[in-house]
Amino acid sequence: MNKVVNDFSIIVGTKNGSGSSTANNTILRAIFKMGIPVSGKNLFPSNIQGLPTWYSIRASKDGYLGRRDKQDIVIAINPDSFTRDLASVSPGGAFFYADDIRLPITRADIAIYPMPIKELVKKDPNVPTDYRDLVGNMVYVGVLAHMIGIDIEKIQAALTFHFKGKQKPIDMNFHAVQAGMEWAKTNLEKKDPFYLEPMNKTEGMIMADGNTAAAIGSVFGGAQFVAWYPITPASSLAEAINDYMPMLRKREDGKHTYAVVQAEDELAAIGMTVGAGWSGLRSMTSTSGPGLSLMTEFAGLAYYAEVPIVIWDVQRIGPSTGLPTRTSQADLSFTIGMGHGDSDSIVLLPGDVFECFAFGWQAFDIAERMQAPVFVLSDLDMGMNQWMSKPFEYPKTPMDRGKILWEKDLEEIKGNWGRYLDKDSDGIPYRTLPGNKHPMSAYFTRGTGHDEYAKYTEDSSTFIRNMERLKKKYETAKKYLPKPVLHSTKGAKVGIIAYGSTESAILEARDQLARDHGMKIDILRVRAFPFTAEVDEFVREHEQTYVVEMNRDGQLHQLLSLANPEAATRLISVAYGDGLPASAKWIREGILEKSAKAKPAKKIAVKKSTARKSSVKKSKKKGAK
């Protein structure tokens, strides 16, 4: 039996509300502290308690952090999912289970390890009766730790982090871990090939979820007003802001410099956000797809009245209420055209936890520079799950508040300045803020027809001028938006375009296709809409480009086809939306299936540009050349 070191997956099957998250996160953080690249994904139901839930941990010496379809080690604690969990173990894998589950085990192709969880916890006098079920989860942590080699000191460090140094819960849980380890040492014989050994590949990294990262980035970006209404999977973003604001945004006299309001619904939340944005505050809200749909009219108002706001959409599966606890990338098309009539949207598309942080503060700069709503599309997988990331740093660039006229500016202007007047031919007018004491500062903000001086009008030619100026503004926006990330391969004629949390799985699939099928593939991860010139250039330079995304209809593929009609036949959709995070398997198989059907096409001749080399952000991640 060949050893498998630092390259396998662990799946824990429990009941929702059973308190297993502490145990699972302890395993995850202990592996991370051993220097091994690792990711954790929680697959939980939308009920409060009782239904089956699974937590997957992937250790990858090569740094692949996407979801893995193969289940090497399965820990079964839930009788209701026991049969399914047993069947899911890959041949040659390991199956750990609570021995009070008395169901038949007929498989002979896997290692079987019973665990007397209830018995061990019952023997511990330090565990109160009403805590036994919760602390019992730590027994399987101890058993697993002994069998695969998780460092006990790293487990203790992980518990110390989780309980914030509170000694009583640390000791109670650590004793259960030790009990599990000692029992396994005496009673279990190693029959599987899976081992963990220390590495140094997590040095200088942190573990975080995207919602917390977005919250910290927003605070660092100067967020002053946050309105929200609870909705999975976005609630923890606003909750994290509530955690960090009191620590980071308080004056010396103890007064707060912010306001966070839980509104009565999503309509009220964005209405408050627009009002605060109009008043000059850096203003934001967060939601998911169903809430976003309710925000449409106010988003259109902010677009036409040109009020800067930030809206975070942590995507989940729809339509309607959909699957509230499953991930998706299906809000893109809706967000692009959000608002009544002819409207445009600026959309930022973070691809990892660090970018959730960075876009947290950059979104405010872009919103105020463009005087427009800025949407940031994350997803449940990125937002609620733990990912490795480089540490967050306070922004080094000063805030960009855009074209604001202060009192001294108005003193220098002769005549009326014109709230919706394009003085610089970039589509962006100047604005004043409430509280400006200069007599020329006032204007009416309107969602109805208005001229360049904010006066009401229904004149057709004036309306056309205003709409054309707004369109120009969104061309100007391209200069301020994040450039795409390029992973290049020498000699590649085939490309992949994607966005968001799919990147890690795509990199893994790309390497597998190169190894097993000799395919040379470039990858471009889009980070914003409107598309920048680098995106169009990538499409034109490749004979075939696969567009990978987590939705049914291939929404990014549709947008790219509209933007590049001459290359539409060479854009091939690889879209799949089952609610699970992207895996290398479905990406690889999707590309191979479409590749067998596609006819090679020559790339379109275009004038070579130096922009791609200078402005496309090149990744230093695994696999980039």
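Here, each number is a calculation from the coordinates, and none is a lab measurement. Keep in mind it's a predicted model, so treat the numbers as computed, not measured. For neighbour counting, all protein chains shown are included, and Cβ atoms are generated from backbone atoms with ideal geometry for every residue, glycine included.
Multiplying the residue separation of K61 and D400 by 0.36 nm and removing their Cα-Cα distance gives an extension gain of 118.0 nm.
Among P530, T53, S345, flag the residue with its Cα farthest along the positive direction of the charge dipole of the chain, charges on Cβ as +1 for Lys/Arg and -1 for Asp/Glu. The listed residue farthest towards the positive side: P530. Our coupling estimate for the range 266-271, obtained by passing each phi through the Karplus curve with A = 6.51, B = -1.76, C = 1.60 and θ = phi - 60°, is 5, 4, 5, 4, 6, x Hz, Gly and Pro reported as x.
Each of N25, H517, A263 was scored by the projection of its Cα onto the charge dipole of the chain, and the greatest displacement toward the positive side belongs to H517; charges sit on the C-beta of Lys, Arg, Asp and Glu.
Any idea how far the Cα center of the range 351-404 sits from the one of the range 47-114, in Å? A separation of 37 Å, based on Cα centres.
For the peptides 357-366, 81-90, 399-408, 191-200, residues were scored by their other Cβ atoms within 10 Å and the scores averaged per peptide; the highest-first order is 357-366, 81-90, 191-200, 399-408. Helix 167-187 and the longest principal axis of the C-alpha atoms of the chain enclose an angle of approximately 40°. Residues whose amide H lies under 5 Å from that of M519, counting only those 5 or more places away or on a different chain, are A514; hydrogens are built 1.01 Å from N in the peptide plane.
For A372, the residues whose amide H sits under 5 Å from its own are I309, ignoring neighbours fewer than 5 places away on the same chain, with H placed 1.01 Å from N. Our coupling estimate for the range 289-305, obtained by passing each phi through the Karplus curve with A = 6.51, B = -1.76, C = 1.60 and θ = phi - 60°, is x, x, x, 4, 4, 6, 8, 4, 5, 5, 5, x, 4, 5, 5, 7, 7 Hz, Gly and Pro reported as x.
Against the chain, whose longest principal axis is taken from its Cα atoms, helix 460-476 shows a tilt of about 40°. Ranking of K33, K123 by neighbouring Cβ atoms within 10 Å, starting from the fewest: K123, K33.
Dipole magnitude for the chain: about 1800 debye, using +1 per Lys or Arg Cβ and -1 per Asp or Glu Cβ, origin at the Cα centre. Residues of the range 332-352 with an amide N closer than 18 Å to a point placed 7 Å from the Cα of E475 along the Cα-to-Cβ direction: 343-346. For the chain, what is the convex hull volume of its Cα atoms per residue in Å³? Dividing the Cα hull volume of the chain by its residues yields 176 Å³. Amide H to amide H under 5 Å from F8: which residues, 5+ apart in sequence or cross-chain, H placed 1.01 Å off N in plane? Placed amide hydrogens put A59 under 5 Å from F8. Is the shape of the range 100-156 rounded, prolate or oblate, going by the alpha carbon gyration tensor and its root eigenvalues a ≥ b ≥ c, with a/c under 1.5 for rounded and a/b larger than b/c for prolate? Oblate is the answer for the range 100-156, as a/c is 1.5 or above yet b/c matches or exceeds a/b. Loop-located GluC sites (Glu not before Pro) in the range 126-219 (DSSP state other than H, G, I, E, B) with a sparse environment of at most 16 neighbouring Cβ atoms within 10 Å: E189, E203. With each label modelled as a point 7 angstrom along the Cα→C-beta vector, the M247-N126 pair spans 2.7 nm. Shape index of the range 485-618: Rg/Rh, with Rg the Cα radius of gyration and Rh the Kirkwood radius from the inverse mean 1/r over Cα pairs, equals 0.92. When the alpha carbon gyration tensor of the range 4-203 is reduced to an equivalent ellipsoid, its three semi-axes come out at 22, 21, 17 angstrom, largest first. Only DSSP H runs of four or more residues enter the estimate; each adds -39500 (n - 2.57), and after division by the residues of the chain the mean residue ellipticity at 222 nm equals -11500 deg cm²/dmol. For the range 215-301, the fraction of C-alpha pairs more than 18 angstrom apart is 41%. Considering only alpha-carbon pairs that sit under 8 angstrom and 6 or more positions apart, the relative contact order computed for the range 485-618 is 31 percent. Applied to the range 23-37, the Karplus parametrisation 6.51 cos²θ - 1.76 cosθ + 1.60 on θ = phi - 60° returns per-residue 3J(HN,Hα) values of 5, 5, 5, 5, 4, 4, 6, 5, 5, 4, 5, 7, x, 9, x Hz, with x for Gly and Pro.
Between helix 353-370 and the chain there is an angle of about 10 degrees, using the helix long axis and the longest principal axis of the Cα atoms. Our summary gives the chain a relative contact order of 12 percent, counting only alpha carbon pairs under 8 angstrom and 6 or more residues apart. The overall shape of the range 407-479 is oblate: from the C-alpha gyration tensor, with semi-axes ordered a ≥ b ≥ c, the ratio a/c is 1.5 or greater and a/b is no larger than b/c.
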